[in-house]
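Taken together, the values in this text are just the output of simple stated rules run on the coordinates, not laboratory data. Predicted model only: the values in this text are computed from it and were never measured. Using ideal geometry, Cβ is built from the backbone for each residue, glycine included, and neighbour counts are taken over all protein chains shown.
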Amino acid sequence: PQNPTRTTRDYQALDAAHHIHAFVDQKALNAEGPRVMVRGEGLHLWDNEGKRYLDGMSGLWCTNLGYGRKDLAAAATRQLERLPYYNMFFHTTHPAVVELSELLFSLLPSHYSHAIYTNSGSEANEVLIRTVRRYWQILGKPQKKVMIGRWNGYHGSTLGSTALGGMGFMHEMGGMLPDFAHIGEPYWYVQGGELTEEEFGLKAARELEAKILELGADKVAAFVAEPFQGAGGMIFPPASYWAEVQRICRQYDVLLCADEVIGGFGRTGEWFAHQHFGFEPDTLTIAKGLTSGYIPMGGLVLSKRMAEVLVEQGGVFAHGLTYSGHPVAAAVAIANIKALRDEGVVNQVKNDSGPYLQQCLRQVFEGHPLVGEIQGTGLVAALQLCEDKPSRKRFANETDITWRCRTIGFEEGLIIRATGGRMIMAPALVATRGDIDELVSKTKLALDRTA
Ligand code: PLP
């Protein structure tokens, strides 16, 4: 415990008295009392009563290096002692942010050249919206400002990022704005009907073309999407999808923007998820795995083409955040990226732990009565639950069922997530085969008990 004189109930009572949590019914949470997590090591967490959990979600898809990394803590401490803060506003910079950019662009394909740093993924998407609009303004097309996202996509919880995302219940709670539009998600299992995955991928991509034509290409600034849809259920688009989306964006001069907040920094076995799917976005939104969640940091990566317009023709961009490129966050990001690279973590996901997880899931769940589809690559996966496999019929109360599975898992010391009709997992990239065995067997136990 942090403070040995305080019990779980003390923490819960103080929390209930003063703290509003994210995305929960606060009254129900206060009645139940949140678990009080106090320590982490590798993929495991402990609560203050000593109960151990396998974290199958890397926190919120962010602790890519796992918990308890002393090198990341040491990098933060060194930077805190040397230069804890200075801003980027008044013609200054500092070595940590310069060296972070050097390292980041050594990993990225060579057509990217510049980054704007933020503190989170939501902020990075806010910056995206303004940067994209500024880009078209500089090019003399200020009317090109509509951003197209996807229904059920998630890009953050601030106003612009909520409007860009496609979560209807978030829009209803004061989260919609003019000049945002949405197209359907490439969710073949639920929406594919009689089409093959290949055919459905093309159909879903062509919804973008129809939306651009409906709005007018001269009004559409960008299409923004996650390479695979995370919070919306770990939905992996059919193989035909991204190439067609890219063709459409190029044809209508619409920027293609990938939200790599979950997919970046090794999750799929490539450094970035768009590399796994084989397309070339104009911008990348990054956060989470950039620092393995040890400290808040995000950013917007720009192609050379966009950066040249902003830098060479744009003059002052009236935009900035007090903590942009924060030295301590940058120092942690450097230590994190070096560890992912030099310890071969990303290669390991591509060649060993990733294929191992995918193979175990297929072995264990292909014949499971509740599981209709297994999707995933690297260390990210989804199990689609269904009532009838051949017809892909879903349970009418699927969210109750997945929630029950998640709750049983939690009681058994497993953290995985329920989204709609899917159970989703994304363990830390340092997962050993032993960790993966524990993840798969506890997930099976939870599903068996749910059935
Ligand atoms: N984009 C994606 C794809 C995300 O999954 C998230 C968070 O889960 C965000 C953006 C928002 O990031 P943050 O919570 O750091 O603001």
Exercise. Along each of its three principal axes, how wide is the spread of alpha-carbon positions in the chain, in whole angstrom units, largest first?
Worked result: 61, 60, 45
Seminar exercise, completed: Of the residues 321, 431, 108, the Cα lying farthest along the dipole of the chain towards its positive end, which is defined by charges on the beta carbon of Lys, Arg, Asp and Glu, belongs to 321
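How large is the dipole of the chain about the Cα centre if only Lys and Arg carry +1 and Asp and Glu carry -1, each at its Cβ, rounded to the nearest 20 debye?
Working: 44 positive and 50 negative charges, 96 e Å.
In debye, rounded to 20, the chain gives about 460.
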For this session: Report, in whole Å, the centroid distance computed from the Cα atoms of segment 145-199 and segment 309-374.
Result: 22 Å
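With a ≥ b ≥ c the root eigenvalues of the C-alpha gyration tensor of segment 304-362, is it rounded (a/c under 1.5), prolate (a/b larger than b/c) or oblate?
Cα axes put segment 304-362 in the prolate bin.
Can you give the local net charge around residue 447? Use residues other than it whose beta-carbon is closer than 11 angstrom to its beta-carbon, Lys and Arg +1, Asp and Glu -1. Let's see the in-between values first.
Details: positive: 404, 406, 442, 444, 449; negative: 448.
Summing Lys/Arg as +1 and Asp/Glu as -1 gives +4.
Hey, what did the chain get for relative contact order, percent, Cα under 8 Å, at least 6 apart?
Details: 871 pairs, mean separation 91.1, N = 451.
RCO, the chain: 20 percent.
Please report 388, 259 as a ranked list, fewest other C-beta atoms within 10 angstrom at the top and most at the bottom.
Numbers: 388 10, 259 33.
Arranged by neighbour count, lowest to highest, 388, 259 become 388, 259.
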Exercise. Which far-off residues, 5 or more places away or on another chain, put their amide H under 5 Å from the one on residue 389, with H placed in the peptide plane?
Worked result: none
For this session: Show the residues, 5+ positions off or on another chain, whose built amide H is closer than 5 Å to the amide H of residue 183.
Result: 149, 150, 151
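Roughly how many debye, to the nearest 20, is the charge dipole of segment 299-451 about its Cα centre, given +1 on each Lys and Arg Cβ, -1 on each Asp and Glu Cβ, and no other charges?
Details: 18 positive and 17 negative charges, 53 e Å.
Result for segment 299-451 is approximately 260 debye, rounded to the nearest 20.
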Seminar exercise, completed: Env charge @ residue 287, Cβ radius under 15 Å, K,R +1 / D,E -1, value -3
Seminar exercise, completed: From fewest to most C-beta neighbours within 10 Å, the residues 199, 81 line up as 81, 199
Seminar exercise, completed: Calc'd 3J(HN,Hα), segment 322-337, phi into Karplus 6.51 cos²θ - 1.76 cosθ + 1.60 (θ = phi - 60°), Hz, glycine/Pro = x, comes to 3, 9, 4, x, 3, x, 5, 5, 5, 5, 5, 4, 4, 4, 5, 5
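Using the per-residue mean of other Cβ atoms lying within 10 Å as a proxy for protection, in what order, highest first, do the peptides 221-228, 87-94, 337-344 fall? Display every interim value, and only then the final one.
Values: 221-228: 25.8, 87-94: 11.8, 337-344: 16.5.
Per-residue Cβ counts within 10 Å, averaged per peptide and sorted highest first, yield 221-228, 337-344, 87-94.
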Exercise. Extension gain residue 210-residue 71, at 0.36 nm per residue separation less the Cα-Cα distance, in nm?
Worked result: 45.0 nm
For this session: Provide 441, 120 in ascending order of the number of other Cβ atoms located within 10 Å of each residue's Cβ, fewest first.
Result: 441, 120
Seminar exercise, completed: Of 151-163, 26-38, 365-377, ordering from highest average Cβ density within 10 Å down gives 151-163, 365-377, 26-38
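Within a Cβ distance under 9 Å of residue 256, other residues only, what is the Lys/Arg minus Asp/Glu net charge?
Working: positive: 250; negative: 280, 282.
Charge balance in the 9 Å sphere: -1.
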For this session: Find how many whole Å separate the alpha carbon centroid of segment 32-90 from the alpha carbon centroid of segment 376-393.
Result: 31 Å
